[in-house]
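Following: one structure in structure tokens, then a few remarks.
Each reported figure results from applying straightforward, stated rules to the coordinates on display, with no laboratory input. In this text the structure is predicted, and so the values were computed from the model without any measurement. Backbone-built Cβ (ideal geometry, glycine too); neighbour counts: all protein chains shown.
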Amino acid sequence: KLCLLLKPIEHRLQSIQKQNYVLIDNAYNSSEAGFKNTVDLLLMIKKYRIFITPGLIDVLDAYEVHKQLIQYATYACDEIVLVGKRNRKAMEDGLKELDFIMYRYVDTMEEALRYIDTIDKEDFVVCIENDIDKVLMNHVN
């Protein structure tokens, strides 16, 4: 019974019900293992799945890591939104290599979320995997 009283930790696989979708906020996560675990979780969800990510903070210049991680994400995601410019090339190359065409890129997380609000679907899932805060984004872009 005590477990039922526990509240999720903010930004760590936090599920938030929105009007027409569920947001899985995993913005605090920034490891390769965590990234893959989130993708594995999404694979179990049988709804339209949108994955939003800027990549990982602690391996900003790791081209191959980002390329492989985003390719892993394609197995569980119907659409991917790449945020920021820092890791965009590696992730976009990974998506192109697999002929995954359901992606777009935006400059900010706010822009990504505005895009989500324009989607004309019911009952879908959006996952934010890692979110570089505005201060850090200003220094790495």
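Grab the other residues whose beta carbon is less than 15 angstrom from that of Ile101, score K and R as +1, D and E as -1, and report the net. Result for the neighbourhood of Ile101: -4.
Our Cα-only numbers for region 12-57 put the radius of gyration and Dmax at 10.8, 31 Å.
In this simple spin-label approximation, Glu111 and Asn20 carry label points 7 Å from Cα along the Cα→Cβ vector, and these lie 2.3 nm apart.
Run the dipole for region 58-110 about the Cα centre, Lys and Arg Cβ at +1, Asp and Glu Cβ at -1, nothing else charged, and hand back the magnitude in debye, nearest 20. Dipole magnitude for region 58-110 comes out near 140 debye. When peptides 94-104, 18-28 are sorted by average Cβ neighbour count within 10 Å, with the highest value leading, the order is 18-28, 94-104.
Highest-first packing order for the peptide set 47-57, 63-73 is 47-57, 63-73, based on the mean count of other beta carbon atoms within 10 Å.
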